[in-house]
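Worksheet for the structure shown next.
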Amino acid sequence: MNTASETDYISETSITTTQESCNILVDLLQAYGVKHAVISPGSRNAPIIISLNKCKAISKYIIVDERSAAFAAIGMIQQSREPVVIVCTSGSAVLDYAPAVAEAFYQQLPLIVISADRPHEWINQNDSQTILQHGILNNIVKGSYNIPYENKSKNHLWYANRIINEALQKAIEQPEGPVHINMQFNEPLYECRPLQSESTRIIKRMSPSLQADVTFFKHLAEKLHSKERILIIASMQKHSSELIKSLENIAGNNIVVLSEIIANIGHSKNIFHNTDRLLTEIKASEWNDYTPDLLITFGGSPVSRLIKNFLRENQPKEHWRIGIDHNIIDTMQNLSHRIEITPDAFFSGISEHIHKINGAYYEKWKNLAQKAESGLENYINRVPWCDFKAMDIIMKSLPTMGINLQISNGSAIRYADIIGTIHDFDGSCHCNRGVSGIDGSTSTALGASLIYNGITLLITGDMSFSYDLSGLASQYNSQRLKIIVLCNGGGGIFRFINGPSDLPEFEKYFEVHRDLPIHKYADAFGFEYLQADDEVSLQDSLLKLLANKHSSILAVHTNNEISATVLRTFFNRNK
């Protein structure tokens, strides 16, 4: 609930811009907890930059490429779980934000987009850097807001304050997500003045508690007690110790918990990981034995295509979706209940009322997990040098402490989810699965490395790497950022998925067929370069990569045809 009667005020004295809406903006950004701003230089956004520069509470990062800048902000939010602002000039600059804004929308990340704009009367008049900016991101933001250029009136400042308060509240209210504030400026753009002891109004928002009462949880627990087979699936989300503890407590007997690597559940007791690894062990004739009576899902987009196909074809009697979402999420096409409460609150509340009934469902999945683990080891030991074997070595070589893992889309995240890890991270694992695009992986890792104090390790394919070279061209590269590039000719995922690999046009249009000069890119952008072409050189290079006191890139070379055959055979071996 918004109420203008309950207000706080903040004040700073400094030299700042004469564009008062910018001073209101920066005061409110600070008040709403923004600590990081990623700025892409320009002229029209000069008033915003001038005002931001005087705010010591907000750290400023300068990244020229708007697409890279926005993805860097994504990485910052993933690590800090706090809103981050991005600032660009007028014209096509805001369009370059679109891929990252879409990712933020589907990951429910509070990305605050600030675009500078020309006065509205000059739009569509052949004046430079003018497009229709207001509302240009409408389909991928929670809200679009426009602030006209100033007329210095009291009403204008009141309007700017109200609109910015509303926008920032929209970004951080559940479910979180990106907002776009478009600010129109007339000249002069660079004029400054002393900012006196002035006040900026902060409009407080009061919301009802997201915690449900005991009666609610008792009712749902009773429904669970009537089910013999309950399957809980955790997909992309942030790490939560409270959630992990609750899931550990309820798993067993008739309740099975499956998680993917980007669910950040870790290797917790009673919880089964590596969904695709398990499902490849189930024969078609056995699907009915694993079909749940009740399915409970939470988190973002699943990596596993197998689990989606399995549950769409073998539908449970009930399906509960847990979470506060923008829309109704019915991924498995069998949703029966939408329960709008955070997973932490739901599982914490219901775990106190669950008495697990006797049942063999958990033991069936446990036996499957043991079979899948030994089957994976035997399979990897038999195959030649390929992406699968390389990823197995990489994942098993990761240190137990001081590492945050970023993985690109395509083959890399699928390998990582199959293989998993031997131990828990004290950091977390992220992949941009909101939209599942290959753009921005390097920039996202860069942003994460600016917030996370340990090693940020990006594992990426060569196509994704080449698509985001701007992520390397940053002044913020540090020894904390390490990159592993799987060099298999580019587009290896298309050899695996059904459809493209069977086309006569496959090699011409789907695969890159280019040996990227990773060593030249490393040298150009100040990274140390390492290379691996087999198991021995990879193990040796990994030790050097993780111990290196410098930002580093490790190129791992494999054969694309062999790698695709090995992965396809793994998925089809029990059919």
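Values quoted throughout were computed directly from the atomic coordinates according to the rules given, and no laboratory measurement underlies them. Computed from a predicted model, the values in this text were never measured in an experiment. Neighbour counts are summed over all protein chains in view; Cβ atoms, including those assigned to glycine, are modelled from backbone coordinates with ideal geometry.
A few notes on this one:
- The chain: DSSP helices with Cα axial extent of at least 24 Å and average Kyte-Doolittle hydropathy no lower than -1.0: 154-172
- Residues of type lysines that Lys223 reaches as a straight line, Cα spacing below 23 Å, ignoring anything fewer than 8 places off in the same chain: Lys245, Lys317, Lys356, Lys364
- The helix-only estimate of mean residue ellipticity at 222 nm for the chain, built from DSSP H runs of length n ≥ 4 each weighted as -39500 (n - 2.57), is -11000 deg cm²/dmol after division by the residue total.
- Relative contact order computed over the chain (Cα-Cα under 8 Å; 6+ residues apart), in percent: 14
- When the C-alpha to C-alpha distance is required to be over 22 Å, the pairs from Lys54/Lys238; Lys204/Lys238; Lys283/Lys389; Lys35/Lys544; Lys142/Lys238 that qualify are Lys54/Lys238; Lys204/Lys238; Lys283/Lys389; Lys35/Lys544.
- Label-point separation in nm, Thr569 to Asn155, each point 7 Å along Cα→Cβ: 7.5
- Taking N as the residue count of the chain, its C-alpha radius of gyration divided by 2.2 N^0.38 Å amounts to 1.03.
- Subtracting the Cα-Cα distance of Asn124 and Ser336 from 0.36 nm times their residue separation leaves 71.4 nm of extension gain.
- Tyr97, Tyr190, Tyr290, Tyr361 arranged by Cβ crowding within 10 Å, fewest neighbours leading: Tyr190, Tyr290, Tyr361, Tyr97
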